[in-house]
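Report on the structure given below.
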Amino acid sequence: MKRKKRRTSKETIRRVGEILEEFLIGNLESEFPVGAPGAVEPAIQVDGQPGGPAEEAAEPDGEDVDEEHSDEEAEDEHDDEAKFYFDLADVEYCVDVTITEIVNEKLVAGYDDPRKPPILSEIFQVLFGEDDSLTKQVEEFEELISGYDDHVHIDDLEQADKVMREIVKEIENRSKD
Amino acid sequence: MATPQFENRLRSLISVSGTTYEKVVGASTEVVIFGSRAIGVNRPDSDLDVLLVNANLGRPRVAGIDFVVLCPEEVASSHWLGSELAAHIVEYGKWIKGCGSWRNQVHISDRAAMRKQARIVGLLMRAPKWWSKLHPVFHTKYKLTIRRELQRLDLLRQRIPVPPTHTLDADWVQHRSARDYLVKVAATLPLGPIAFELAKACIDSPETRFPLSPTPCAVGCLVAPLRG
């Protein structure tokens, strides 16, 4: 069923913005090289990435040029993985801790079904309506952090950070109107 | 080959969105239904999972459909051909357009299993930092996720395509003896004692044994590895 635009109090809107800024933007910044200067190294390395046993096993033997080339490509690929791809776990925890704050402060009600834990865009649908631009932006944010193959690329994280900052700014404006 | 029911459902869901069937399906070289609906083990509220092979399409947003959009070059890449999802689609997917000429090249790579392992290790190792800040509904969510991911890891290590989530859940509910087996799988991971205890708690948690849809497990042969 389509959720229509709702009238949410300015105080609620303001508090949601503060929570997003403190818990989502703040935690993403502290966990990933986004938003603030200073890179954060990926915390967990996938086995077989540089320095791991699989890389040593993949050392070219020099007998087969194609194979050597292929191994170099594989190493480059692993390098890229280590530099640019991050584990999804911290992103997921950051988002869910933020939702927890919103739920715990009772800014939205009715999210206690363990079979269907809330997602941020559903909360925005309740607060602002399904067709609101803020809800669409949150859906874009969720799309960016959904990752691929259990990992998320740094470009997507940076873009997600930008989108979330725009959301917070818009919420701030609406809470003043 | 897909039955018309999939095409009809796809057409019906797209028709109430802001886009058109022709734009989404007509312009794609391949369209494949996968996930729980493809093999009829879905719940009534399950999304329809759809792979589109399309060089020019962004990911469409249609309520009730979860699209994966790949360009033809991606479908031919070793990354895709060795992935968990590609293996799942080849095993369970229903093609409603295109022939899937890449199907014969799909295999479950070491990388797919390693990525799954890294995913589980990441979830477990980072949990202590976040756990106390999470609402109880999220505790259940992560316990469920970790148990399912352990099941998937075990299948990937054996080069068995991972079935839809509902099938994993049905398997888990029906075969309690799989518990010890899954603890052994967790024991192979590079975890500290706290993370390993959490893994066991996830496996043992009664909260993760939800009543499931009445649809029986459709892929009986896949439960064998979990019975140990």
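The values are calculated or read from the model by the stated rules, or taken from the named source; none is laboratory data. Please read all numbers here as calculations on a predicted model, not as lab measurements. Note: ideal-geometry Cβ built from the backbone for every residue, glycine included; neighbour counts use all protein chains shown.
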Checklist entry - Hey, does segment B:153-165 have a residue that's in a helix (DSSP H, G or I) and within 30 Å of residue B:21 (Cβ to Cβ)? => result yes
Item to check | Failed condition for residue A:152, given (1) part of a helix (DSSP H, G or I); (2) within 14 Å of chain B (Cβ to nearest Cβ) | outcome: (1)
Next on the checklist: Restricting to segment A:124-149, and then to whatever is outside any helix (DSSP H, G or I) and free of Cβ contacts under 8 Å to residues at least 12 places away in the same chain, can you tell me which residue is nearest to the other protein chains (Cβ to nearest Cβ)?
Outcome noted: A:149
Item to check | Residues of segment B:86-116 satisfying the condition of being within 14 Å of chain A (Cβ to nearest Cβ) and either surrounded by fewer than 21 Cβ atoms within 10 Å (Cβ to Cβ) or of a type in the set (Gly, Ala, Ser) (or both) | outcome: B:86, B:87, B:109, B:110, B:112, B:113, B:114
Checklist outcome for this item: Per the filter on segment B:166-211, residues outside any helix (DSSP H, G or I) and either within 26 Å of residue B:112 (Cβ to Cβ) or at pLDDT 95 or above (or both) are B:175, B:188, B:189, B:190, B:191, B:192
Checklist entry - Which of the residues that make up segment A:130-177 are modelled with pLDDT of 90 or more and among the aromatic types (Phe, Trp, Tyr)? => result A:141
Checklist outcome for this item: Here the qualifying pairs (Cβ atoms under 7 Å; residues six or more apart or on different chains; first in segment B:136-161 and away from every other protein chain (no Cβ under 13 Å); second among the charged types (D, E, K, R)) come out as B:161/B:91
Checklist outcome for this item: Here the residues within segment B:52-64 that are surrounded by fewer than 19 Cβ atoms within 10 Å (Cβ to Cβ) and away from every other protein chain (no Cβ under 12 Å) are B:55, B:56, B:57, B:64
Checklist entry - Does segment A:9-29 contain any residue that is within 11 Å of chain B (Cβ to nearest Cβ) and at pLDDT 85 or above? => result yes
Checklist entry - When the residues of segment B:126-135 are filtered to those that are within 7 Å of chain A (Cβ to nearest Cβ) and part of a helix (DSSP H, G or I), which remaining residue is farthest from residue B:186 (Cα to Cα)? => result B:133
Next on the checklist: On the basis of being in a strand (DSSP E or B) and within 21 Å of residue B:165 (Cα to Cα), does residue B:50 make the cut?
Outcome noted: yes
